[in-house]
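These notes concern the structure reproduced below.
The values are calculated or read from the model by the stated rules, or taken from the named source; none is laboratory data. Computed from a prediction, not measured in an experiment: that's the story for all the values here. These accessible areas exclude ligands, DNA and RNA; they are computed on the full protein's heavy atoms, side chains included. Shrake-Rupley method; radii C 1.70, N 1.55, O 1.52, S 1.80 Å.
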Amino acid sequence: MSDFNILPILVTGFVVAVLHSAIPTHWLPFVMAAKSQKWSWKKTQSILLIAGLGHVIMTTLLGIIVFSLGLSIYHNIHNY
């Protein structure tokens, strides 16, 4: 795979990430919890940071695993 072919994958990933973050199921529960629990702005931001980082890290690790498996399958099929 050449370096040029990875550009559409990166752009698609970025667009999907931006659209993914706009889905209300990702931010609305935090807004509702903050309102009902009367969290301060600082506490809400801290919880969002922790949850967001955990989400990004786990999604990235899963993406790396899926990409690695797909690449190994590609190479195995290419050898046939």
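Over the stretch 26-80, average the accessible area per residue using a 1.4 Å probe and give it in Å², no decimals.
Accessible area per residue, the stretch 26-80: 88 Å².
At 0.36 nm per residue, and after removing the present C-alpha to C-alpha distance, how many nm does the segment from LEU49 to SER21 gain when stretched out fully?
Stretched fully, the LEU49-SER21 segment lengthens by 8.8 nm.
Taking each full run of DSSP H in the chain as one helix, which ones are at least 27 Å long along their axis (Cα atoms) and have mean Kyte-Doolittle hydropathy of at least -1.0?
41-79
Computing the accessible area with a 1.4 Å probe over protein heavy atoms, can you report the carbon and sulfur percentage for the chain?
For the chain, the apolar C and S fraction of the accessible surface comes to 77 percent.
Select one label from (i) 1.17; (ii) 1.15; (iii) 0.93: the one whose number is Rg/Rh (Cα atoms, Kirkwood Rh) as derived from the coordinates shown.
(i)
Report the full-extension gain for the segment THR60 to ILE77: residue separation times 0.36 nm, less the Cα-Cα distance, to one decimal in nm.
3.6 nm
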